[in-house]
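First up is the structure itself, then whatever we jot down about it.
Every number in this text was worked out from the coordinates using simple rules, so none of it is lab data. Bear in mind the structure is a predicted one, so any value in this text is a computation, not a measurement. Cβ coordinates were reconstructed from backbone atoms using ideal geometry, including for glycine residues, and neighbour counts include every protein chain displayed.
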Amino acid sequence: MGVIKKILVALILILSIVLIAAYFMPKEYAVEREITINKPADTVFNYVKYLKNQNKFSVWANIDPKMISTFKGTDGTVGAISAWESKVKEVGVGEQEITKITEGKRLDFALRFKEPMNDTAIGFMSTETATGNQTKVKWGISGVIPYPMNIMLPMMKMDQMIGNDLQKGLENLKAKMEE
């Protein structure tokens with residue numbers, strides 16, 4: 001019994017250390033990427049504010065050609081919802097809702113993931129006139145990983161994982177806008 005007792009004490013000690021460490025670890029993540037597009041800001045903004053258009057350049061929307069998309073509300077306005085359903089794990093099931101529009105400048109949205117995990121995040125796309133007819137577009141997503149799962153946040157490399165997809169989506173948007 002002495003060996004089992006020592007193993008149990010060691011496991012409890014390790015679990016305690018992990019839970020204490022998780023308590024002090026960051027719980028929030030924020031990822032943002034930007035690109036410059038050779039089109040006027042109003043043209044770019046009037047394209048990205050429509051959820052149906054976002055499906056044309058988003059990396060996630062293009063992973064599964066069999067993905068089912070549905071739209072509710074008036075696209076391009078607050079309250080419009082784009083929902084998706086896919087059997088591909090990287091896409092899953094969820095929806096995006098426009099929560100705020102600063103006309104010509106910024107689009108804010110809520111992301112609600114239902115599968116493969118239940119989670120929420122917030123995102124935005126903004127446009128800003130750069131030089132001449134160029135537009136700087138920013139795309140960002142942020143969220144919270146709840147305690148004690150936040151212990152995995154540094155290992156998840158959210159900036160790289162989400163950031164690469166945001167960057168590729170922005171490159172797709174640039175190619176589409178400049179064709």
J(HN,Hα) series, the stretch 52-60, from Karplus relation 6.51 cos²θ - 1.76 cosθ + 1.60, nearest Hz, glycine and proline x:
4, 5, 4, 5, 7, 10, 5, 4, 5
Crossing angle, helix 2-24 versus the chain [Cα axis fit, 0-90 degrees, rounded to tens]
30
Hey, if you put +1 on the Cβ of every Lys and Arg and -1 on every Asp and Glu Cβ in the chain, which of Gly76, Leu51, Val88 ends up farthest toward the positive end of that dipole?
Val88
With everything on Cα atoms, drop me the angle between helix 158-178 and the longest principal axis of the chain, reported from 0 to 90° to the nearest 10.
10
Between Asn164 and Lys66, what is 0.36 nm times their sequence separation minus the Cα-Cα distance? Round to one decimal in nm.
33.0 nm
Here are some pairs, Lys6/Lys114; Lys39/Lys100; Lys6/Lys27; which of them have Cα atoms lying more than 30 Å apart in this structure?
Lys6/Lys114; Lys6/Lys27
Compute the distance in nm between two label points, each set 7 Å from the Cα along the Cα-to-Cβ direction, one at Leu111 and one at Glu34.
2.0
Please compute one quarter of the surface area of the Cα convex hull for the chain and express it in square nanometres.
12.7
GluC sites (Glu not before Pro) within the stretch 22-101: which are DSSP loop residues with at most 16 other Cβ atoms inside 10 Å?
Glu90
So, with points 7 Å from each Cα along the Cβ direction, the Ile122-Glu178 label distance in nm works out to 3.2
Starting at the first residue of the stretch 109-124, write each ³J(HN,Hα) from the Karplus equation 6.51 cos²θ - 1.76 cosθ + 1.60 with θ = phi - 60°, in whole Hz, x for Gly and Pro.
8, 9, 10, 10, 9, 10, 9, x, 9, 8, 7, 10, 8, 10, x, 8
Around Trp84, with a cut-off of 14 angstrom between Cβ atoms, what is the net charge of the other residues, counting Lys and Arg +1 and Asp and Glu -1?
+2
All other residues with a Cβ under 10 Å from the Cβ of Asn62 taken together, and with Lys, Arg as +1 and Asp, Glu as -1, what is their net charge?
+1
As an exercise, use a Förster radius of 41 Å and the Cβ-Cβ distance of Lys138 and Ser16 to find the FRET efficiency, rounded to the nearest 0.05.
0.50
For Gly76, residues with placed amide H under 5 Å, excluding near neighbours
Leu51
Let me know the longest stretch in the chain that avoids all trypsin sites (Lys or Arg not before Pro) found in a DSSP loop with at most 16 other C-beta atoms within 10 Å.
106-156
Setting aside same-chain residues fewer than 8 positions from Lys168, which aspartates and glutamates have a Cα under 17 Å from its Cα?
Glu32, Glu34, Asp64, Glu90, Asp159, Glu178, Glu179
Spelling out what I want: for every residue of the stretch 93-103, take phi, set θ = phi - 60°, compute 6.51 cos²θ - 1.76 cosθ + 1.60 (Karplus), and round to whole Hz; glycine and proline get x.
10, x, 8, 10, 10, 6, 9, 7, 10, 9, 3
Of Ile145, Ile14, Ile37, which is the most mobile in a GNM of the chain whose springs link Cα atoms less than 10 angstrom apart?
Ile14
Starting from 0.36 nm per residue, how many nanometres of slack lie between Lys56 and Leu8 once their C-alpha separation is accounted for?
11.9 nm
